[in-house]
Amino acid sequence: MASLTSPYSLGFPSLASCRPRATLSSLSQPKSLNAACGSHLHRNSFTRSFRIPSAPDLRRLLRPSPSPRTARTPSLVPRLAASSPAIVSSPPPEPWRGAALKPLAASIAAGVILWFVPPPAGVARNAWQLLAIFIATIVGIITQPLPLGAVALMGLGACVLTKTLTFAAAFSAFGDPIPWLIALAFFFARGFIKTGLGNRIAYQFVSVFGSSSLGLGYSLVFSEALLAPAIPSVSARAGGIFLPLVKALCAACGSNIGDGTERRLGSWLMLTCFQTSVISSAMFLTGMAANPLSVNLVAGATGHTIGWTQWAVAAIVPGLTSLIVVPLLLYLIYPPTVKSSPDAPKLAREKLEKMGPMTKNEIIMSLTLLITVGLWVFGGILNMDAVTAAILGLSVLLTTGIVTWKECLGEAIAWDTLTWFAALIAMAGYLNKYGLISWFSQTVVKFVGGLGLSWQLSFGILVLLYFYSHYLFASGAAHIGAMLTAFLSVSTALGTPPLLSALVLSFLSNIMGGLTHYGIGSAPVFYGAGYVPLATWWGYGFIISVVNIIIWLGVGGFWWKTIGLW
């Protein structure tokens, strides 16, 4: 009898009629699978010979009639898929961890389009190219395809790659003291909170003003305004004193970053403290470091010398009005979710009792802060600038172990802010050096002067153009140095009283810092805390700017007429 060697046994029921155990062990042990199927094969069955069945047997076995058991029993593959999906289905693709492609494309497109637009007459090609890269970077900072520091670093890379700036020029602002002062403020905040001093002061504030969020906000606003004439650096004032305090207050009230409680108190409080910091800077000649520069430029252009008292008297009424209106307006249009907490003062007092007396670390932190603030106040007499005083204070904290260098390195927001703020300062500074800002000023001046309007309307147009051109600047001092003299000269030539024009432009040189998250030293400090999204920051910055202009030109105008400025 002929014999065949075959892997199939034709003498046992079909595979569909089997009841396999769909497990990994059944796949790895074919003997068990064969036994479960009732196979006549046994060991070495694939190499054994057997007799071919007769023709009737073949017809019976190969007849395509469904077995009842086939209808009842699921196939092997579905049962395997149900019990071992990882074996059958492919693993999910790894999520994309790179840049958000649409915002990145929008940023690049904005720069490329402007790059290939012919520059206007009077504008150098390198200035126009730098403007294209600057606009692309700003679009990237707004849309955020990557973190802000990465976007800014890519902008600097584009400047160097296209030879628009040299490497030294592109990274020159990393030697500017303001970005470093802002970074140092975050390190101070770490020690302020770590030692518990921040919580202690926060509970003191809550125990007195904490029955309502609005009362708490006003207490911080007017505290900052009282310190403004004594501390001429708005970055030091905001970052070294009020950012740690505000963060501690937010934490004490259960408003934290990343857990969905930002709007409970932190978002409104951060935005309110920032928007009022630019107002308090405008109220005093010593409220911002660039204010004396305005006074010097005014003296050179008009011959008027503005004294500390004259500045304060002219600013007091519109300034106080803004300090009252702005927090209330933000409270109405961007309110905290928790508006009143009658039990908060009592709970705060209980917390203070549990904390007990001040610890050694709290005392060291307090003394360091007092010394640093004292150096900020008397820095002019001692010939010590704000960043040097901050470095001295941080040295004390590092030496005593209140803050460790590892903790400083872990402050990612501080280093990110240092990177993007320095990058914008460098690009904005070279826009001025390449002559783009002077061209813009002259173009505006010729346009407004040719309209033939009354001096009031002409001055109003000049004020708006001067104010909103601050989107191109990452420094109040840079804006003042580049544009104040030109706008002051034209407004005076058109009939605006020289002293009125000088004071208004000087006041608004502070308030325009509220437009963006990079326009003034306090902006990166409060924005970097992470409580307010960037689009929200810019949106409310524009709204508050309109309100401030109305207050300072409306209420201020009546006040200035009363005191004889026009």
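Conditions (1) within 30 Å of residue 152 (Cβ to Cβ); (2) modelled with pLDDT of 85 or more; (3) among the aromatic types (Phe, Trp, Tyr), marked per residue:
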residue: 354; (1), (2), (3): no, yes, no
residue: 364; (1), (2), (3): no, yes, no
residue: 375; (1), (2), (3): no, yes, no
residue: 398; (1), (2), (3): yes, yes, no
residue: 420; (1), (2), (3): yes, no, yes
### Summary
If we keep only residues of region 199-233 that are in a loop (DSSP other than H, G, I, E, B) and over 29 Å from residue 178 (Cβ atoms), then the residue modelled with the highest pLDDT is 211
#### Entry: The lone exception for residue 462 - which of (1) at pLDDT 85 or above; (2) closer than 24 Å to residue 171 by Cβ it fails
(2)
### Task
Determine which single condition residue 243 fails, assuming it passes every other condition in (1) in contact with a Lys or Arg (Cβ under 6 Å, 6 or more places away or on another chain); (2) buried (at least 24 other Cβ atoms within 10 Å of the Cβ); (3) of a type outside the set (Asp, Glu).
(1)
### Task
Test residue 321 against the stated conditions and say whether it is hydroxyl-bearing (Ser, Thr, Tyr), part of a helix (DSSP H, G or I) and open to solvent by 20 Å² or more (accessible area, probe 1.4 Å).
yes
#### Entry: Failed condition for residue 267, given (1) within 25 Å of residue 207 (Cβ to Cβ); (2) touching a Gly at 6+ places or on another chain (Cβ under 9 Å); (3) among the small types (Gly, Ala, Ser); (4) open to solvent by less than 10 Å² (accessible area, probe 1.4 Å)
(2)
### Message
Suppose we filter 120, 145 for residues that are within 25 Å of residue 442 (Cβ to Cβ) and in contact with a helix residue (DSSP H, G or I) (Cβ under 9 Å, 6 or more places away or on another chain); which single one remains?
### Response
120
### Task
Restricting attention to region 173-230, report how many residues are charged (D, E, K, R), in contact with a Lys or Arg (Cβ under 7 Å, 6 or more places away or on another chain) and surrounded by fewer than 23 Cβ atoms within 10 Å (Cβ to Cβ).
0
### Message
Looking at region 331-339, can you tell me whether even one residue there is surrounded by fewer than 18 Cβ atoms within 10 Å (Cβ to Cβ) and either of a type in the set (Lys, Arg) or closer than 17 Å to residue 559 by Cα (or both)?
### Response
yes
### Residue check for residue 505: at negative phi and either open to solvent by less than 10 Å² (accessible area, probe 1.4 Å) or not in a helix (DSSP H, G or I) (or both)
yes
### Task
Name the residue, out of 502, 523, that is under 25 Å from residue 149 (Cβ atoms) and in contact (Cβ under 8 Å) with a residue 60 or more places away in the chain.
523
### Message
Need pairs with beta-carbon distance below 9 Å; first residue closer than 18 Å to residue 128 by Cβ and among the β-branched types (Val, Ile, Thr) and within region 434-463, second open to solvent by 40 Å² or more (accessible area, probe 1.4 Å) and at pLDDT 80 or above; sequence gap 6+ or separate chains.
### Response
437/472; 443/120; 443/122; 444/461; 444/465
## Note on the structure
Considering residues that are crowded, with 19+ Cβ neighbours inside 10 Å, touching a helix residue (DSSP H, G or I) at 6+ places or on another chain (Cβ under 6 Å), hydrophobic (A, V, I, L, M, F, W, C) and over 13 Å from residue 493 (Cβ atoms), the number found within region 441-476 is 4
#### Entry: Unmet requirement for residue 255, which otherwise passes all of (1) within 29 Å of residue 154 (Cα to Cα); (2) among the hydroxyl-bearing types (Ser, Thr, Tyr); (3) outside any helix (DSSP H, G or I)
(1)
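So that you can scan it fast, the table gives a plain yes or no per residue for (1) open to solvent by less than 50 Å² (accessible area, probe 1.4 Å); (2) of a type in the set (A, V, I, L, M); (3) touching a residue at least 24 places away in the same chain (Cβ under 8 Å):
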site	(1), (2), (3)
368	yes, no, yes
371	no, yes, yes
378	no, no, no
402	yes, yes, yes
421	yes, no, yes
430	yes, no, yes
#### Entry: The listed residue being open to solvent by less than 40 Å² (accessible area, probe 1.4 Å) and modelled with pLDDT under 85, out of 425, 413
425
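Rundown of residues vs (1) part of a helix (DSSP H, G or I); (2) in contact with a His (Cβ under 6 Å, 6 or more places away or on another chain); (3) under 28 Å from residue 525 (Cα atoms), yes/no style:
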{"site": "269", "(1), (2), (3)": "yes, no, yes"}
{"site": "272", "(1), (2), (3)": "yes, no, yes"}
{"site": "275", "(1), (2), (3)": "yes, no, yes"}
{"site": "278", "(1), (2), (3)": "yes, no, yes"}
{"site": "295", "(1), (2), (3)": "yes, no, yes"}
{"site": "301", "(1), (2), (3)": "yes, no, no"}
{"site": "306", "(1), (2), (3)": "no, no, no"}
{"site": "310", "(1), (2), (3)": "yes, no, no"}
{"site": "317", "(1), (2), (3)": "yes, no, yes"}
### Message
Among the residues of region 428-459, what is the count of those that are closer than 18 Å to residue 120 by Cα and at pLDDT below 85?
### Response
11
#### Entry: Total residues in region 354-405, condition of a type in the set (S, T, N, Q), more than 27 Å from the chain's Cα centre (by Cα) and part of a helix (DSSP H, G or I)
6
### Summary
Log entry, pairs with first residue in region 124-144 being in contact (Cβ under 8 Å) with a residue 12 or more places away in the chain and open to solvent by 20 Å² or more (accessible area, probe 1.4 Å), second being in a helix (DSSP H, G or I) and polar (S, T, N, Q), beta carbons closer than 6 Å, six or more apart or on different chains, reads 139/107
### Query
residue 160 passes all but one of (1) at pLDDT 95 or above; (2) open to solvent by less than 40 Å² (accessible area, probe 1.4 Å); (3) not acidic (Asp, Glu); which number fails?
(2)
### Count - residues of region 508-566 that are buried (at least 19 other Cβ atoms within 10 Å of the Cβ) and under 15 Å from the mean Cα position of the chain (by Cα)
21
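The values are calculated or read from the model by the stated rules, or taken from the named source; none is laboratory data. Source: prediction; values computed, not measured. As a convention, Cβ positions derive from the backbone with ideal geometry for all residues, glycine included, and neighbour counts pool all protein chains shown. Each accessible area value is taken on the protein alone, full model and side chains, heavy atoms only, with ligands, DNA and RNA left out. Shrake-Rupley method; radii C 1.70, N 1.55, O 1.52, S 1.80 Å.
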